[in-house]
Amino acid sequence: MKPRYDHHTLMRFTQELLSAAGMEKDKALTVSEILLEGDLMGHTTHGLQMLIPYLKSIEAGAMTLEGDYLIEQDHGSNLVLDGRFLPGPWLVCEAITLAAERVASAGVVSVCISQSHHIAALQAYLPRATEQGWMMTLMSSDPSVATVAAHGARTPLMTPNPMAVGIPTSDAPILFDFCTSITSNGQCMRSQQEGRLLPGPWIQDAEGKPTNQPGALFTDPPGTIYPLGGQSYGHKGFALGLWVEILTSALAGRGRSSHPDRWGASVFLQMIDPACFGGREAFLREVDHLVEQVKTSEPVNPEHPARLPGQEAWRKRDNQLREGILLHDGILEGLKPWADRWSIPLPSPLNPIMD
């Protein structure tokens, strides 16, 4: 039996580590909330796992720990923020707050953030909008990193460029979250570290040959991750990735053309209030109808019925809030040197550890 950990205990542990590293209290709280929300939803490569590189980035002086963002453009319903490499989860939550203050009157509010630090799992932010009855789109890229090639090419061009969408319903929300590449950098790194092959030929090596070896991404010269759709249909994933790249970086006016050398993120966030369109009740009527149609669709395999985007993440979230969080192997071991440095005890599991 794998150990499970209390959500609030992990939250306190994460806050204590970030505060000990020098992060302001409000920022440490928000970063902890978003990282743990990622683990609750099953995004174990982008949950507490990200605390290790975050602490390394703080130690290297690559993350700003104090102060505020700068508003570079404000036209009421659209804003551009300079994040000054402040903690990404805090910046995105600040952008959500800004959008929430305006969406009831504007109907649609869009926010671009340049020079953010890494923002963790995108799906973790969506309930902050759907719980208020709003739709939210969130996209991210990193102009300092290139691991995905254009379809038909082998030159690294952009990051996996994830996109997420939250849609309210009368019950559990619909929560999209996927990379526009066939896998993520984090999954490739974890597979390489654990000596595991990828489930399919998701990478092309430096010669442009498909492979399931994650190490092909880290050679010199490097291989690249295929766009969503792989070798045959990657033109579709590449188009989506290019769209994310343009909305996150080009729209904000700062991206790859300046050749940044600092790990971070360019972010696009858009909030929509259905009440300003066909009306909230009509919106929910249509969305609920679609949800019911999915649930009652005749399955190909009765053991695997059709499910809605985010349905499994929401189930995991509910389960782990009740039963405790299952952390991926090695996460707490990786954080132990930091905890020891600041005399912060590691969290104790809720259940006894069984071999």
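Quick note: the coordinates plus some simple rules give every number you see, no bench work behind them. None of these values were measured; they are calculated from a predicted model. Cβ sites come from the backbone with ideal geometry, for glycine too, and all protein chains shown count toward neighbours.
Details
- Phi to ³J(HN,Hα) by Karplus 6.51 cos²θ - 1.76 cosθ + 1.60 over the range 303-308, Hz, x for Gly, Pro: 6, 9, x, 4, 9, 8
- Quotient of C-alpha Rg and 2.2 N^0.38 Å, computed over the chain: 1.00
- Pairs exceeding 28 Å between alpha-carbon atoms, taken from Lys27/Lys56; Lys209/Lys316; Lys25/Lys336; Lys25/Lys56; Lys295/Lys316; Lys56/Lys236: Lys209/Lys316; Lys56/Lys236.
- Among 310-316, 87-93, the peptide with the highest mean count of other Cβ atoms within 10 Å heads the list, and the full ranking is 87-93, 310-316.
- Nonlocal amide H pairs with Leu157, under 5 Å, H built at 1.01 Å: Thr147, Val148, Ala149, Ala150
- Percent of alpha-carbon pairs separated by more than 16 Å within the range 183-225: 21 percent
- Per-residue ³J(HN,Hα) for the range 38-50, Karplus 6.51 cos²θ - 1.76 cosθ + 1.60, θ = phi - 60°, Hz, x for Gly and Pro: x, 5, 4, 8, x, 8, 6, 7, 10, x, 4, 3, 6
- Entry note, the chain: relative contact order of 24 percent, from Cα contacts under 8 Å with a spacing of 6+ residues.
- Calculated over the range 149-278: convex hull of Cα atoms, volume per residue (Å³): 149 Å³
- Taking amide H as placed 1.01 Å from N in the peptide plane, Trp202 has its amide H under 5 Å from the amide H of Thr211, each at least 5 places away in sequence or on another chain.
- When only alpha carbons of the range 9-115 are considered, Rg and Dmax amount to 14.8, 43 Å.
- Positive-end extreme of charge dipole, the chain - chosen from Leu70, Ser144, His235 (charges on Cβ): His235
- Taking the range 183-225 and dividing mean pair separation by its residue count, relative contact order in percent (alpha carbons under 8 Å, at least six apart): 35 percent
- Under conditions of 20 °C and 1.002 mPa s, the range 219-355 yields 100 µm² s⁻¹ as its translational diffusion coefficient, taking Rh as the Kirkwood radius over Cα pairs in the Stokes-Einstein equation.
- Cβ-based exposure ranking for Thr45, Thr9, in which fewest neighbours within 10 Å come first: Thr9, Thr45
- For the chain, calculated [θ]222 nm from helices alone, where every DSSP H run of n ≥ 4 adds -39500 (n - 2.57): -11500 deg cm²/dmol
- Neighbour net charge for Val145 - beta-carbon separation under 11 angstrom, K R +1, D E -1: 0
- Derived scalar couplings between HN and Hα for the range 164-179 equal 9, 9, x, 10, x, 10, 6, 10, 5, x, 8, 10, 7, 6, 8, 6 Hz in order, rounded to whole Hz, by the Karplus curve 6.51 cos²θ - 1.76 cosθ + 1.60 (θ = phi - 60°), x for Gly and Pro.
- The protection proxy used here, the mean number of other Cβ atoms lying within 10 Å of each residue, ranks peptides 293-302, 180-189, 203-212 as follows, highest first: 180-189, 203-212, 293-302.
- Ordered by the number of other Cβ atoms lying within 10 Å of each residue's own Cβ, fewest first, His8, His118, His43 fall into the sequence His8, His118, His43.
- Take every pair of alpha-carbon atoms less than 8 Å apart whose residues are at least six positions apart; their mean separation over the length of the range 32-96 yields a relative contact order of 21 percent.
- Normalised by residue count, the range 115-205 yields a Cα convex hull volume of 134 Å³ per residue.
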